[in-house]
Amino acid sequence: MERSFKKEVQALKLGGGDTFHGEGILAVTKALLQSGVSYVGGYQGAPVSHLLDVLVDAKDIMSDLGVHLETCSNEASAAAMLGASINYPLRGAVTWKSIVGTNVAADALSNLASPGVVGGAMIILGEDYGEGASVIQERSYAYALKSSMWLLDPRPDLPSIVRTVEKGFELSEASHAPVMLELRIRACHATGEFAAKDNRKGVVSGLDKLAGPPRFDYGRLAHPPVIFTQEKLKIEERLPAARAFIREHKLNELIDGDLSDVGIVVMGGLTNSVLRALERLGLADVFGASRVPMLVLNVVYPLVPEEIREFCATKRAVLVVEEGNPDYIEQAVNVELRRADIQTRVFGKGMLPSAGEYASDVLLKGLAAFFTGARPDGLDADVIAAKAHGLLAQKAKATAALGTLPARPPTFCTGCPERPVFSAIKLVQREIGPTHISGDIGCHAFATFAPFSLGNSILGYGMSLASAAAVTPNMERRPIAVMGDGGFWHNGLITGVASNLFNKGDGVLIVMQNGYASATGQQYIPSSAASKEGPAPGMDIEQTLRAMGVKWLRTVRTYGVATMVKTLKEAMRTAERGLKVIIADGECQLARQRRVRAEDAEKLKRGERVTRTRYGVDDEICTGDHSCIRLSGCPSLTVKPSPDPLRTDPVATVIESCVGCGLCGEVAHAAVLCPSFYRAEIVRNATWRDRALHWFRLTVIGWLGGYSGKAVAKAAS
Ligand code: SF4
Ligand code: SF4
């Protein structure tokens with residue numbers, strides 16, 4: 001795993017009277033334990049990968065409480081786990097990245113929301129929206145609306161997050177509906193403190209098991225004809241019950257302010273950003289006191305009509321701060337005010353953009369526009385607008401002073417085993433011409449950036465082969481689908497491979513077997529060489545494919561570029577029809593380095609011999625055409641001025657971060673580039689044999705170079 005939380009999880013043992021300090025994501029875990037959950041599960045993905053990692057690291061604490069933990073094979077299996085709360089008073093929580101994970105889980109979620117739940121069921125969504133997001137920009141809100149699941153969006157401070165988790169379970173039970181809790185990246189990593197409570201065992205758990213199932217109740221199934229009754233229950237019973245609970249327990253917050261003829265209705269998760277923008281305008285302080293009254297929606301769905309009416313009735317104008325599109329909340333506020341014949345003017349989209357993250361500058365502009373439009377009593381809106389303008393101009397000035405900075409696209413890690421595969425694809429395309437590359441989710445998607453710029457479509461996690469299904473019969477050359485081993489187990493096995501075999505498809509599939517779900521932090525997957533508990537689960541990709549009927553199957557070490565080129569050419573040209581799979585085998589270098597470096601440090605401490613491989617470029621031989629950089633893209637391979645005063649072109653050079661994967665040498669060989677690469681072994685705690693060999697080599701080199709024996713001996717010492 002990318003990061004171990006072994007130390008931090010000790011905070012999960014805190015009880016009443018203690019103060020918890022830490023990150024938001026750890027606070028959520030503590031809140032789950034304080035809420036008496038009986039089961040937890042999920043599928044990793046930013047920004048909630050660490051939630052699952054914390055749960056895995058806290059397994060011992062959870063078994064003391066009888067909590068079952070499942071690291072699910074995808075989001076659909078995590079959502080289906082919540083089925084335990086349909087019949088039994090079991091509280092459970094699952095987590096994944098949204099919107100993509102919610103899409104995968106959608107079927108199970110609909111079938112969960114229709115019969116409803118007895119035990120509290122919570123889905124913790126990593127709402128990956130805004131700058132730095134890695135998925136399509138859509139909102140989870142639509143799922144809450146269509147399935148009648150309540151959507152919590154806590155203000156990103158730890159006491160609010162913890163209270164929302166605890167109250168979320170009560171809300172779920174009071175209204176018999178699942179709840180979703182969305183956490184943006186800032187909420188996950190916000191640090192703070194809250195007063196801890198004792199952890200609780202679930203009413204039913206692994207320690208106090210159920211005696212058996214309840215009496216058969218057809219109404220608990222999402223099946224006709226009860227689905228018609230369930231639809232009515234959602235609207236006639238669960239929704240009013242949820243609204244009553246939200247109002248009674250004050251899940252939404254009111255921040256009072258003296259500019260009482262205007263107000264802001266804000267999604268809970270955006271509260272801190274709005275307060276910060278108000279503070280920059282001199283209308284709030286750093287502790288969260290605001291001159292503008294605010295209605296903080298820690299529950300963004302359902303809205304409580306009475307709360308909206310009460311907040312707006314005394315105001316001439318309100319601004320709805322709702323990130324993303326469509327403007328569900330703004331529309332709902334307008335409808336509610338219309339129904340109640342309240343004439344408050346509603347500002348929202350227009351003052352604020354319809355797309356993109358509401359970062360500080362966006363809010364600054366939007367708030368200034370709102371004050372200019374609403375003209376609150378007791379505030380000179382023109383002064384505020386000038387202030388906003390000045391702040392924004394300052395940033396523009398700083399940007400201009402910096403000039404144009406070079407773009408820094410994300411790329412593979414140094415020594416990544418996936419990079420050589422794309423070097424090979426480039427070399428193959430030089431010979432056979434370009435072909436359609438069907439990309440996927442995972443580290444290999446970095447190949448879409450320079451210097452590879454390979455990939456024509458990305459349709460979802462594990463979807464590359466399926467997304468090439470209609471390309472294959474319509475293109476002269478076979479398309480190449482690239483999929484990670486994480487994607488293979490998540491979805492690709494059935495959606496891609498089974499479908500291709502069933503339809504007697506053709507085409508080429510490359511499975512990157514790096515051993516982990518690497519892009520999300522090196523979590524173990526079914527084919528990993530080990531598991532959290534030690535022994536590997538023993539599922540093997542090659543055996544699985546053979547058992548499914550794949551006939552053309554090769555496993556190639558990724559760093560062997562020449563072999564990879566040969567195998568790819570064969571796959572592209574063979575007359576044999578049917579799916580051709582190349583398993584590109586090479587352990588994630590980041591995970592490998594973490595393991596190897598720790599092992600080497602131990603060896604060095606014990607005084608044992610440790611070697612490290614480095615590659616280098618001979619300045620005198622390098623011609624300066626830089627094909628090696630274009631074909632490998634390794635961040636450790638760069639340029640430096642040529643030491644030869646007669647040559648102006650910079651030469652290639654390998655910097656200290658090189659991990660000695662050998663790709664640059666391999667590429668040079670496979671592409672017949674140049675002989676300037678050399679390989680060196682750096683030996684620490686050298687033995688007498690190493691020293692003798694070194695002395696012997698220097699002596700021979702010295703003789704060949706015509707140096708004296710003395711000089712050689714000096715160099716060797
Ligand atoms: S995390 Fe692993 S697989 Fe991903 S880019 Fe880095 S080395 Fe490659
Ligand atoms: S050997 Fe070459 S490709 Fe591999 S890490 Fe070093 S510089 Fe990069």
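The values are calculated or read from the model by the stated rules, or taken from the named source; none is laboratory data. On a predicted model such as this, the values are computed, not experimentally measured, just so you know. Positions of Cβ are backbone-derived with ideal geometry, glycine not excepted, and every protein chain shown enters the neighbour counts. Remember, those area values only see protein heavy atoms, side chains included, never the ligands or the DNA or RNA. Shrake-Rupley method; radii C 1.70, N 1.55, O 1.52, S 1.80 Å.
Looking at Phe287 and the list (1) under 26 Å from Glu127 (Cα atoms); (2) in contact (Cβ under 8 Å) with a residue 24 or more places away in the chain, which single condition is not satisfied?
Of the numbered conditions (1) under 26 Å from Glu127 (Cα atoms); (2) in contact (Cβ under 8 Å) with a residue 24 or more places away in the chain, the odd one out for Phe287 is (2).
Give the number of residues within the stretch 478-514 that are touching a residue at least 40 places away in the same chain (Cβ under 8 Å), β-branched (Val, Ile, Thr) and more than 23 Å from Gln589 (Cβ to Cβ). Break it down into steps so the answer makes sense when it comes.
First, pick out the residues of the stretch 478-514 that are touching a residue at least 40 places away in the same chain (Cβ under 8 Å): 478-493, 497-498, 500-501, 504-514.
Retained after the next criterion (residues that are β-branched (Val, Ile, Thr)): 480, 482, 497, 508, 510-511.
Applying the additional criterion that residues be more than 23 Å from Gln589 (Cβ to Cβ) yields 497, 508.
Residues flagged as touching a residue at least 40 places away in the same chain (Cβ under 8 Å), β-branched (Val, Ile, Thr) and more than 23 Å from Gln589 (Cβ to Cβ) within the stretch 478-514 amount to 2.
When residues of the stretch 502-550 are filtered for being open to solvent by less than 70 Å² (accessible area, probe 1.4 Å) and at positive phi, how many remain?
Matching residues across the stretch 502-550 total 7.
What is the number of the single condition among (1) modelled with pLDDT of 95 or more; (2) hydrophobic (A, V, I, L, M, F, W, C); (3) under 31 Å from the mean Cα position of the chain (by Cα) that Val286 does not meet?
Against the list (1) modelled with pLDDT of 95 or more; (2) hydrophobic (A, V, I, L, M, F, W, C); (3) under 31 Å from the mean Cα position of the chain (by Cα), Val286 comes up short only on (1).
Being touching a Phe, Trp or Tyr at 6+ places or on another chain (Cβ under 7 Å), among the basic types (Lys, Arg) and open to solvent by 10 Å² or more (accessible area, probe 1.4 Å) is the filter here, so list the residues in the stretch 406-441 that pass it.
Lys426
For the stretch 483-522, name all the residues that are out of contact with any Cys (no Cβ under 6 Å at 6 or more places or on another chain), over 15 Å from Ser73 (Cα atoms) and near ligand 1 (Cβ under 10 Å from one of its atoms).
Correct list: Met512, Gly521.
When residues of the stretch 435-475 are filtered for being free of Cβ contacts under 8 Å to residues at least 12 places away in the same chain, within 24 Å of Ile629 (Cβ to Cβ) and out of contact with any strand residue (DSSP E or B) (no Cβ under 9 Å at 6 or more places or on another chain), how many remain?
Counting residues in the stretch 435-475 that are free of Cβ contacts under 8 Å to residues at least 12 places away in the same chain, within 24 Å of Ile629 (Cβ to Cβ) and out of contact with any strand residue (DSSP E or B) (no Cβ under 9 Å at 6 or more places or on another chain) gives 1.
Could you tell me how many of the residues in the stretch 592-628 are of a type in the set (Gly, Ala, Ser) and over 30 Å from Lys640 (Cα atoms)? Lay out the reasoning, then the answer.
First, pick out the residues of the stretch 592-628 that are of a type in the set (Gly, Ala, Ser): 598, 601, 607, 616, 624, 627.
Right, trim to over 30 Å from Lys640 (Cα atoms) and you get 598, 601, 607.
Residues meeting the conditions: 3.
Yes or no, residue by residue, for (1) in contact with a Phe, Trp or Tyr (Cβ under 8 Å, 6 or more places away or on another chain); (2) modelled with pLDDT of 95 or more:
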| position | (1), (2) |
| --- | --- |
| His176 | no, yes |
| Met180 | yes, yes |
| Pro214 | yes, no |
| Pro225 | no, yes |
| Glu231 | no, yes |
| His249 | no, yes |
| Leu259 | no, yes |
| Leu270 | yes, yes |
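Does Gly549 satisfy the criteria of being touching a Leu at 6+ places or on another chain (Cβ under 8 Å) and among the small types (Gly, Ala, Ser)?
Yes: the conditions hold for Gly549.
Please pick out the residue among Thr563, Thr611, Thr567 that is within 26 Å of Ala529 (Cα to Cα), at pLDDT 90 or above, open to solvent by 70 Å² or more (accessible area, probe 1.4 Å) and away from ligand 1 (no atom under 16 Å from the Cβ).
The match here is Thr563.
Name the one entry in His444, His490 that is under 26 Å from Pro635 (Cβ atoms) and either surrounded by 22 or more Cβ atoms within 10 Å (Cβ to Cβ) or of a type outside the set (A, V, I, L, M, F, W, C) (or both).
None of the other options fit; the residue is His444.
Would you pick out the residues in the stretch 427-465 that are outside any loop (DSSP other than H, G, I, E, B) and over 16 Å from Ile582 (Cα atoms)?
Scanning the stretch 427-465 gives Leu427, Gln429, Arg430, Glu431, Ile432, Cys443, Ala445, Phe446, Ala447, Thr448, Ser457, Ile458.
Mind checking which strands (runs of 3 or more DSSP E) fall wholly inside the stretch 124-220 and carry at least 2 residues that are loosely packed, with under 15 Cβ neighbours inside 10 Å and touching a residue at least 12 places away in the same chain (Cβ under 8 Å)? Break it down into steps so the answer makes sense when it comes.
Numbers: elements: 150-152, 179-183, 191-195.
Per the criteria, 191-195.
Restricting the stretch 409-464 to residues that are more than 15 Å from ligand 1 (Cβ to nearest atom) and among the polar types (S, T, N, Q), which is nearest to Val565 (Cα to Cα)?
The selected residue is Gln429.
Quick one: would you say Val651 is of a type in the set (Val, Ile, Thr), farther than 23 Å from Ser423 by Cα and more than 11 Å from ligand 2 (Cβ to nearest atom)?
Criteria not met by Val651.
Yes or no: Ala562 within 16 Å of ligand 2 (Cβ to nearest atom), over 14 Å from Gly415 (Cβ atoms) and outside any loop (DSSP other than H, G, I, E, B)?
Yes.
For the stretch 567-595, enumerate the residues that are hydrophobic (A, V, I, L, M, F, W, C) and touching a residue at least 40 places away in the same chain (Cβ under 8 Å).
Once the filter is applied, which keeps residues that are hydrophobic (A, V, I, L, M, F, W, C) and touching a residue at least 40 places away in the same chain (Cβ under 8 Å), the stretch 567-595 yields Leu568, Ala571, Met572, Leu579, Val581, Ile582, Ile583, Ala584, Cys588, Leu590, Ala591.
Just wondering, is there one or more residues in the stretch 398-420 that are within 16 Å of ligand 2 (Cβ to nearest atom), farther than 29 Å from Glu310 by Cβ, touching a helix residue (DSSP H, G or I) at 6+ places or on another chain (Cβ under 9 Å) and in a helix (DSSP H, G or I)?
Filtering the stretch 398-420 down to residues within 16 Å of ligand 2 (Cβ to nearest atom) leaves 411-420.
Applying the additional criterion that residues be farther than 29 Å from Glu310 by Cβ yields 411-420.
Checking which are touching a helix residue (DSSP H, G or I) at 6+ places or on another chain (Cβ under 9 Å) leaves us with 411-420.
Adding the requirement that they be in a helix (DSSP H, G or I) leaves 419-420.
Within the stretch 398-420, one or more residues are within 16 Å of ligand 2 (Cβ to nearest atom), farther than 29 Å from Glu310 by Cβ, touching a helix residue (DSSP H, G or I) at 6+ places or on another chain (Cβ under 9 Å) and in a helix (DSSP H, G or I).
Does any residue of the stretch 20-32 turn out to be modelled with pLDDT under 95, touching a Ser or Thr at 6+ places or on another chain (Cβ under 7 Å) and not aromatic (Phe, Trp, Tyr)?
Yes, because at least one residue in the stretch 20-32 is modelled with pLDDT under 95, touching a Ser or Thr at 6+ places or on another chain (Cβ under 7 Å) and not aromatic (Phe, Trp, Tyr).
What residue, of Thr372, Thr404, is away from ligand 1 (no atom under 16 Å from the Cβ), hydroxyl-bearing (Ser, Thr, Tyr) and modelled with pLDDT of 95 or more?
Values: Thr404 fails: modelled with pLDDT of 95 or more.
The conditions single out Thr372.
Those residues that are in a loop (DSSP other than H, G, I, E, B), at pLDDT below 85 and either open to solvent by less than 70 Å² (accessible area, probe 1.4 Å) or in contact with a strand residue (DSSP E or B) (Cβ under 6 Å, 6 or more places away or on another chain) (or both), I need them from the stretch 614-646; list them, please.
Gly624, His626, Gly633 - these are the residues of the stretch 614-646 that are in a loop (DSSP other than H, G, I, E, B), at pLDDT below 85 and either open to solvent by less than 70 Å² (accessible area, probe 1.4 Å) or in contact with a strand residue (DSSP E or B) (Cβ under 6 Å, 6 or more places away or on another chain) (or both).
Assuming Ala652 fulfils every condition listed in (1) more than 29 Å from Val428 (Cβ to Cβ); (2) open to solvent by less than 40 Å² (accessible area, probe 1.4 Å); (3) small (Gly, Ala, Ser) apart from one, which condition is it?
(1)
Can you spot a residue in the stretch 692-706 that is within 13 Å of ligand 2 (Cβ to nearest atom) and either more than 26 Å from Cys588 (Cβ to Cβ) or at pLDDT 80 or above (or both)?
No; the residues of the stretch 692-706 include none that is within 13 Å of ligand 2 (Cβ to nearest atom) and either more than 26 Å from Cys588 (Cβ to Cβ) or at pLDDT 80 or above (or both).
Kindly indicate the residue of the stretch 350-397 that is part of a helix (DSSP H, G or I) and acidic (Asp, Glu) and also least open to solvent (accessible area, probe 1.4 Å) among those meeting that condition.
Asp361
How about the stretch 447-457: which of its residues are closer than 30 Å to Ala105 by Cβ, hydrophobic (A, V, I, L, M, F, W, C) and buried (at least 18 other Cβ atoms within 10 Å of the Cβ)?
Hit for the stretch 447-457 is Ala447, nothing else.
For the stretch 526-533, check the following and say yes or no: at least one residue is within 16 Å of ligand 2 (Cβ to nearest atom), touching a residue at least 60 places away in the same chain (Cβ under 8 Å) and not in a strand (DSSP E or B).
no
Scan the stretch 221-246 for residues that are among the charged types (D, E, K, R) and not in a helix (DSSP H, G or I) and report the count.
0
Give the residues of the stretch 466-475 that are part of a loop (DSSP other than H, G, I, E, B) and farther than 21 Å from Ala424 by Cβ, sorted by residue number. Walk me through it before giving the result.
Quick first cut of the stretch 466-475, residues part of a loop (DSSP other than H, G, I, E, B) only: 468-471, 475.
Listed by number, the residues that qualify are Ala469, Ala470.
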